[in-house]
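The values are calculated or read from the model by the stated rules, or taken from the named source; none is laboratory data. Because the structure is a prediction, the values reported are computed rather than measured. Glycine also receives a Cβ, built like all others from the backbone with ideal geometry; neighbour counts cover every protein chain displayed.
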Ligand SMILES: Nc1ncnc2c1ncn2[C@@H]1O[C@H](COP(=O)(O)OP(=O)(O)O)[C@@H](O)[C@H]1O
Ligand SMILES: [Mg+2]
C-alpha cells in the first residue's frame, strides 16, 4: 500500500511575495515515491518559489505567504516545525554552496552537527564514505578529506552538496537547477547519479534543460506564470502536450 | 577633429590624475608629520629597560638630569595596566558584541533590534570623557575607589559598539545561500549561526576586534576617571592601575619626566599601527 500513496503532495498551494501578486497559484500535484519529477517552465514562472516552499524556506522571510497544503506522507508540512521538515526534505541549490570553513568530511557531516547529533568515530567514517560513494566522489577525494570543500571543482562541489543532503537520509530531495552552473561532463555525472539515487530518495528537480528532463525524469510539470499548466508522464508530455502553452514552450516558441 | 578631441581628453585625464595625487599627498602629510615627530624625539628612549622598568620618581629623574644622564626607568607599569584592562574589557566585549551583532544581523526589521541598533550608534558617538565620568559614578563611587575594573568597564563600553557593528556588517554581506544551505539541512537558527555563519564571518569579526582594540588603547580621558594611575607594576584588579596613555599625561605634567613622553608615545603609536596593519592584512587574506 505504502508505495502507492504519494510521498509528497501539493494541494492548492499558493505562494505570494507581495499582497497584490501570486508567484505560485493553486498548484496541485502528487509526487510518487522513488521517482524523479522534473519541473519546467520559462524563468520567473515560480519553479524555485514552489520548490523552496516545500523546504519551508519562506519561514525565513516574513513577507512571503504560503497558502493551501503541502503534504509529506499525508501530513501538512506547513503546520510542522521547519527543523523537522527540513530533516526529511533535503535541498540542493543552483550554485554549489559547500560550507567554506569546513573540510570535506565536515561538510558531509554538517547536517548532524547542525542538528546537534553526535556520532562515534566509526559512524562518522562510515557515513562519510557511504555518502561520498553514493555521489561517486569518494575515489576523487578520499585522500584529501581534510581539505576545504571549496578547493573542489564546481561539479565536485555540487556532488559534495548532494552527499551532504543525502547524509541526513531525507525522504525527498529538492534540486533547484543543480547543473545549470556546471559543464556538460559534470552535468552528465550528476544525471547518472540521480538515476541511481531514486532507489533511496524521491527527487523533485527544477531544470531549464529539456533534454535533461527527458533523460532522467519519469514525470514532468510544466509551469507558466505561477500556474501548473500540465503535469504527467514525461514521455507523453514531450510527444503530445495537451496544452497550447506547453507545446509552445517545448517547441521553443516561448522562454 | 576626433584626433584633437582625444588629445584634449587625455590632457584632462592627466590633469585629473595630478589633482587626485596632490590631495592624496596632502592627506598623508599630517600622518607622516606626526609619525616623524614622534619617531625623531622618541626613538633614542626605546631600549629594553624602557619596557621592563617602571616609571622613575621625579626625584630620581631630576638627579639624572642634573648629572646629564638619560632618565632611568620606563613604562612597564603602564604597559601591564593597559594589557590587563584591555584584556578584561575584550573578554566581555567580544562575546557580548558578537552576540548582539548576530542578533541585529538576523532580525533587521524587528522593533527591538532597531532600537538596539540606534543605541549602538549613540554609544559609538558618545564622547569618551562622558563615558569616563559615567563609569566613575557607576563603578568607582560604589566600589569606593579607582580600580582596573572601573577602567576596563569604561574601555568595554567604548569597544562594544565597534564590535557589534563590525559583526553585524560582516554577517550581512555573507551570501544568503550559506545560511539557507545550513537551514536546509535541518539546523536551527542558533546552530546555523554558530557553526556556519559565524565561522564564515570570522575574518571580518576578528579584524573588527583588532580595530576596536586599537581605537580604545589610546583613550586617556575615561581612564583618568576610573583607573587613575599607579607608579609601580600591579596585578590586582580592584586597585588603581596605570596605563600607557595615562603615563603620557603624567609625564607631560611633570617637568622632570618630560623626556619620557616621546618614548611612551612612540610605543603607543607603533602598537596601534601594527594592530591596524595586521587587521588590514587579515581582512585582505580572508576576503580572498
Ligand atoms: N524574493 C522575492 N521577492 C519578490 N518577488 C520574488 C522573489 N523571488 C522571486 N520573486 C518573483 O516570483 C516569481 C517567481 O520567481 P521564481 O520562483 O524565482 O521563478 P523561477 O525559479 O521559475 O525562475 C517571479 O515573478 C519573481 O520575480
Ligand atoms: Mg529559479
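Given the residues B:257, B:211, which is the only one that is part of a helix (DSSP H, G or I) and modelled with pLDDT under 95?
Step by step, each of B:257, B:211 is checked, and only B:211 is part of a helix (DSSP H, G or I) and modelled with pLDDT under 95.
Just wondering, is there one or more residues in region B:239-249 that are outside any loop (DSSP other than H, G, I, E, B), away from chain A (no Cβ under 14 Å) and out of contact with any helix residue (DSSP H, G or I) (no Cβ under 8 Å at 6 or more places or on another chain)? Before you say what the answer is, go through the steps one by one.
Within region B:239-249, the first condition is being outside any loop (DSSP other than H, G, I, E, B), and the residues that meet it are B:241, B:244-249.
Add one more test, that the residue is away from chain A (no Cβ under 14 Å), and what stays is B:241, B:244-249.
If we keep only those that are out of contact with any helix residue (DSSP H, G or I) (no Cβ under 8 Å at 6 or more places or on another chain) too, we end up with none.
There is no residue in region B:239-249 that is outside any loop (DSSP other than H, G, I, E, B), away from chain A (no Cβ under 14 Å) and out of contact with any helix residue (DSSP H, G or I) (no Cβ under 8 Å at 6 or more places or on another chain).
Can you name the condition, by its number, that residue B:211 falls short on among (1) within 14 Å of another protein chain (Cβ to nearest Cβ); (2) in contact (Cβ under 8 Å) with a residue 12 or more places away in the chain?
The number of the failed condition is (1).
So which residues in region A:1-48 are in contact with a strand residue (DSSP E or B) (Cβ under 6 Å, 6 or more places away or on another chain), within 8 Å of ligand 1 (Cβ to nearest atom), outside any strand (DSSP E or B) and more than 14 Å from chain B (Cβ to nearest Cβ), if there are any at all?
Once the filter is applied, which keeps residues that are in contact with a strand residue (DSSP E or B) (Cβ under 6 Å, 6 or more places away or on another chain), within 8 Å of ligand 1 (Cβ to nearest atom), outside any strand (DSSP E or B) and more than 14 Å from chain B (Cβ to nearest Cβ), region A:1-48 yields A:23, A:41, A:45, A:46, A:47.
Kindly indicate whether residue B:10 is without any contact (Cβ under 8 Å) to a residue 12 or more places away in the chain and in a helix (DSSP H, G or I).
Yes, satisfied.
Give the residue, chosen from A:7, A:39, that is crowded, with 18+ Cβ neighbours inside 10 Å, more than 16 Å from ligand 2 (Cβ to nearest atom) and touching a residue at least 60 places away in the same chain (Cβ under 8 Å). Step through it out loud before you land on a result.
On the way: A:39 fails: more than 16 Å from ligand 2 (Cβ to nearest atom).
After applying the criteria, what remains is A:7.
Please go through region B:172-181 and pick out each residue that is surrounded by fewer than 24 Cβ atoms within 10 Å (Cβ to Cβ) and either away from every other protein chain (no Cβ under 14 Å) or in a helix (DSSP H, G or I) (or both).
Narrowing region B:172-181 to residues surrounded by fewer than 24 Cβ atoms within 10 Å (Cβ to Cβ): B:172-180.
Residues satisfying the conditions are B:172, B:173, B:176, B:177, B:178, B:179, B:180.
Right, residue A:66: within 14 Å of ligand 1 (Cβ to nearest atom), more than 23 Å from residue A:190 (Cβ to Cβ) and surrounded by 18 or more Cβ atoms within 10 Å (Cβ to Cβ) or not?
The answer is yes for residue A:66.
Every residue in region A:202-211 that is away from every other protein chain (no Cβ under 14 Å) and either surrounded by 22 or more Cβ atoms within 10 Å (Cβ to Cβ) or within 15 Å of ligand 2 (Cβ to nearest atom) (or both), please. I'd like the intermediate steps shown before the answer.
Our first condition is that a residue be away from every other protein chain (no Cβ under 14 Å); within region A:202-211, this holds for A:202-203, A:205-211.
A:202, A:203, A:205, A:206, A:207, A:208, A:209, listed by residue number.
Quick one: in region A:56-79, of everything that is assigned to a loop (DSSP other than H, G, I, E, B) and within 16 Å of ligand 2 (Cβ to nearest atom), which residue is farthest from residue A:13 (Cα to Cα)? Before the answer, list the steps.
Residues of region A:56-79 assigned to a loop (DSSP other than H, G, I, E, B): A:56, A:61-64, A:73-74.
Then drop every residue that is not within 16 Å of ligand 2 (Cβ to nearest atom), which leaves A:61, A:64.
Values: A:61: 18, A:64: 13 Å.
Filtering first and then ranking leaves A:61.
Condition test on residue B:17, is it part of a helix (DSSP H, G or I), surrounded by 10 or more Cβ atoms within 10 Å (Cβ to Cβ) and at pLDDT 85 or above? Show your work before the answer.
On the way: part of a helix (DSSP H, G or I): yes; surrounded by 10 or more Cβ atoms within 10 Å (Cβ to Cβ): yes; at pLDDT 85 or above: yes.
In short, yes.
Quick check on my filter: what residues within region A:50-82 are facing another protein chain (nearest Cβ under 8 Å) and within 17 Å of the chain's Cα centre (by Cα)? Break it down stepwise before answering.
So the first thing to find is which residues in region A:50-82 are facing another protein chain (nearest Cβ under 8 Å), and the list is A:55, A:57, A:60, A:62, A:82.
Within region A:50-82, A:55, A:57, A:82 qualify.
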